[in-house]
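Chemist: Let me begin by handing over the structure; questions about it come next.
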Amino acid sequence: MAKKTVLKALVTSALSLLLSSSMLVGATFAWFTDLAESKSNIIQTGTLQIGMYWSEGDLDVPAETSTSWADASKTAIFDNKNWAPGYFEAKHIKIANEGSLDFKWQMRILANGVVSKLAEAIDVYYFEDAQKITSANLVENKKLGTLSQVLNNTYENAISAKVKGTVSVEEKFDMVTLAFKMQDDAGNQYQNLSIGTDFSVQILATQYGNDYDTNAEFGAQETPSAMVSALNETEIAKENTGLQWNLDAGYQFEPTETLSQAEQSKYRYYHVDFVVSADKNIEAGTVALAGYYSAWCDLINDGNWVGIPVDMDVDAGTEIRLLGDVVYVNYEEICRHGNDGTGFQCGLVDLNDSNAGTTVTVKLCMFEVENADSPDGSHNIEVAESEPITIGTFTYTFGE
């Protein structure tokens, strides 16, 4: 009990102020849905049969049956490690109808881990009619935003709202072109960086064409995610306001779905919690955790971070939930309060420099509940021994 009690104190009293118990739940229909995802790269399919293929975008668009199309489930669409200012990559993407139902589709690009500041220097361009791309084609009215903005799926730059289409059984396929370009004026601060992780290109599809499925939603099979980015030294110093010590590292989690999307999601009332673990034993009083969430820190802590030392031993590999079974926050609530440009911020500090080489993992996870349609998330019972769904994660090694 002591282990859980101390860690829960970081967030329990504050988050309890935010919980509400009344929400409206409307009747819904069931639609066939499907998901194609390029995640270094895989395709997941349901009843609808869809395929995703790609070819080089600086060449002419291949014919439908050309062998130039690569299967996105077997090879990454974008994979180059020698980017420089002005460099661009373009890819033709074919969305194929390989089943017996017409469908509508939309694209999402999701990060699978921490995103570095390099994403701020990469611009993303979209061509609804697939075409051979040269640098002259990369003009402002074809730009979706920076890769950082696209990964964050903000409303103004939401790729899912702009990169979409329909494919009937008779049409067989749709083709578009995506291009990434490193900004011409990207300076030396972007040398020797990677995005920080790989990312997924998803094609979400749902049946389309009949009166019944005119309003079919994409969200039902979409796995939620959060964009995770590392705070730089300046941001960490700025955000240390109110803490007794300087953070060694800080990270931001920001949900990539809007509140309206969360309200349509089957994960709407799933519980959400942070799960912390380390690969080596941590002695009591040697590590402190910190957090900032504007929805409650602004109210109860004068806009400052909340931080507390871990005052008990933690064994290697032990996963500890910060909220546990005392306070419940659901997925809808984190999308309601977490899409403010700040999201959830987390920090770590080695209090006496005794944990060099120890890697700490922090995951933002969802936990299934028995009554996923109930608006009262504080009373839902979690499904026993169900596997948590990770929304976002970061790892940090002390002494780096």
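Where a number appears in this text, it was derived from the coordinates with a stated rule and is not lab data. A quick note: this is a predicted structure, and the numbers were derived from the prediction, not measured. For neighbour counting, all protein chains shown are included, and Cβ atoms are generated from backbone atoms with ideal geometry for every residue, glycine included.
Chemist: Report, ordered by chain and residue number, the aspartates and glutamates lying within cross-link reach of residue 280, taken as a straight Cα distance under 15 Å and ignoring same-chain residues fewer than 8 apart.
Modeler: Here the aspartates and glutamates satisfying the reach criterion relative to residue 280 are 313, 315, 319, 350, 353.
Chemist: Let me ask another. In whole Å, what three semi-axes, largest first, describe the equivalent ellipsoid of region 237-307 built from its Cα gyration tensor (square root of 5 times each eigenvalue)?
Modeler: Output for region 237-307: semi-axes of 28, 19, 10 Å.
Chemist: A follow-up question, please. If Rh is defined by the Kirkwood formula over all Cα pairs and Rg also comes from Cα, what ratio Rg/Rh do you get for region 121-202?
Modeler: Rg/Rh for region 121-202 comes to 1.01.
Chemist: Chymotrypsin sites (Phe, Trp or Tyr not before Pro) within region 122-155: which are DSSP loop residues with at most 16 other Cβ atoms inside 10 Å?
Modeler: Loop-located and lightly packed - none at all.
Chemist: In this model, which of 91/142; 266/363; 94/142; 104/266; 142/363; 81/143 are farther than 26 Å apart at the alpha-carbon?
Modeler: Pairs exceeding 26 Å: 142/363.
Chemist: Within region 239-297, report the GluC sites (Glu not before Pro) that DSSP leaves as loop and that have at most 15 other Cβ atoms within 10 Å.
Modeler: Passing sites in region 239-297 are 283.
Chemist: R0 = 35 Å: FRET efficiency of residue 300 with residue 183, Cβ-based, nearest 0.05?
Modeler: It comes to 0.30.
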